[in-house]
Amino acid sequence: MEILQNVHSYLAYVVLAVLIFAVFNALIGWLGKKEFTMEKDLRISLFALILSHIQLLIGLIVYFVSPNGLKAIQVLGMGGLNSAARLLALEHPLINIIAIVLITIGWSSHKKKLESKAKFKTITIFYGLGLLLILSQIPWAQWFN
């Protein structure tokens, strides 16, 4: 269990770095009116999508196995959770699932666009919103202990 939690924690740094890179790449492409390329732009966005999904899968495993996830809700009930426990058992997983859904929508939507500007704009908006949600739900106090 501890190994999975460590993988989930350390992979988060990689996912954040790649997502930030993907958002800035798309933003620069959108505002700089660059051409969307399969070799660079598509791969950066796809890599961010894949890593985000891997992180989600590991997080879901941790959620169902960890005493801080579903088991905390089952044992304490929703009313028995303090703010730190509620973050781990409810808010963190729920908001991050929504974030990954937004990133996935951005990926799917950008493929339907014909113009580079529209592709970059779609990735910037959806990946950016997903990134903001993820950043809002990181248990920062645990990361820096």
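No value in this document is a laboratory result; all are computed from the given coordinates. A quick note: this is a predicted structure, and the numbers were derived from the prediction, not measured. Backbone-built Cβ (ideal geometry, glycine too); neighbour counts: all protein chains shown.
Share of Cα-Cα pairs in the chain beyond 23 Å, in percent? It works out to 39 percent of all Cα pairs. Take the Cα of LYS34, step 7 Å toward its Cβ, do the same at PHE47, and the gap between the two points is 1.3 nm. I'd like to know which of SER66, TRP30, GLY80 lies farthest towards the positive end of the charge dipole of the chain, counting +1 on Cβ of Lys and Arg and -1 on Cβ of Asp and Glu. In the chain, that residue is TRP30. Using the Karplus relation 6.51 cos²θ - 1.76 cosθ + 1.60 with θ = phi - 60°, the per-residue 3J(HN,Hα) values for region 90-107 come to 10, 5, 4, x, 5, 5, 5, 5, 4, 4, 5, 4, 4, 4, 5, 4, x, 4 Hz, with x marking Gly and Pro. Coordinate range of the alpha-carbon atoms in region 1-80 per principal axis, descending: 54, 27, 16 Å.
Among the trypsin sites (Lys or Arg not before Pro) within region 1-77, those in coil by DSSP and having at most 14 neighbouring Cβ atoms inside 10 Å are LYS33. Gain on full extension, evaluated as 0.36 nm per residue between VAL101 and PHE24 minus their Cα-Cα distance, stands at 25.8 nm.
For ALA118 and SER83 in one chain, what is 0.36 nm times their gap in residues minus the Cα-Cα distance, to one decimal in nm?
Working: separation 35, 0.36 × 35 = 12.60 nm, distance 4.04 nm.
Going from the current span to full extension adds 8.6 nm.
Quick one, can you get me the convex hull of the C-alpha atoms of region 88-145 expressed as volume per residue in Å³?
Values: hull volume 3.5 nm³, N = 58.
Hull volume normalised by residue count: 60 Å³.
Counting lysine pairs in the chain whose alpha carbons fall under 20 angstrom apart, excluding pairs fewer than 8 residues apart on the same chain, gives 22. At a Förster radius of 25 Å, what calculated FRET efficiency corresponds to the Cβ-Cβ distance of LEU132 and LEU4, to the nearest 0.05? Efficiency, from the Cβ-Cβ distance: 0.45.
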